[in-house]
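Quick notes on the structure that follows.
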Amino acid sequence: MTELRDDLPRWRQVRDIIVKRIEAGQYKPGQRIPSVVDLTQEFGIATQTAQKVMNALRKDRWIRTERGMGSFVTTTEERAPEPKEAPE
């Protein structure tokens, strides 16, 4: 089990670990990442905490989730911020 510190929220630490793994190429674009259940087992966190991790990763566009298939690492292009529309 991966040890977590007590001075930061657990969900944030796990999110940061997953992001580092993506940046290091441990999880490649298009690759399926561990599920909520896998995260609870690896990090010793509650299911609700693991779901918060996944929601944060989705919000920040590190992953996309396909219903019934799992969550997958996004490409650099998918992570790029959407262009803002110019005012008319």
Taking first residues from the stretch 21-32 that are β-branched (Val, Ile, Thr) and second residues anywhere that are in a helix (DSSP H, G or I), the pairs with Cβ under 9 Å that are 6 or more apart or on different chains are ILE22/LEU57
Given (1) under 14 Å from ILE17 (Cα atoms); (2) over 14 Å from the mean Cα position of the chain (by Cα), number of the condition MET69 does not satisfy: (1)
Just wondering, is there one or more residues in the stretch 44-55 that are out of contact with any Asp or Glu (no Cβ under 8 Å at 6 or more places or on another chain) and more than 20 Å from LEU4 (Cα to Cα)? no
Among the residues of the stretch 21-43, what is the count of those that are within 14 Å of MET54 (Cα to Cα) and either polar (S, T, N, Q) or surrounded by 13 or more Cβ atoms within 10 Å (Cβ to Cβ) (or both)? 9
Which residue out of ILE22, ILE17, ILE45 is modelled with pLDDT of 95 or more and closer than 16 Å to ARG79 by Cα? ILE22
Filter the helices (runs of 4 or more DSSP H) completely within the chain down to those with at least 3 residues that are in contact with a helix residue (DSSP H, G or I) (Cβ under 9 Å, 6 or more places away or on another chain) and not β-branched (Val, Ile, Thr). 10-23, 36-43, 47-59
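The values are calculated or read from the model by the stated rules, or taken from the named source; none is laboratory data. Fair warning: this is a prediction, and the values are worked out from it, not measured in the lab. Please note: Cβ atoms are built from the backbone with ideal geometry, for glycine as well, and neighbour counts cover all protein chains shown.
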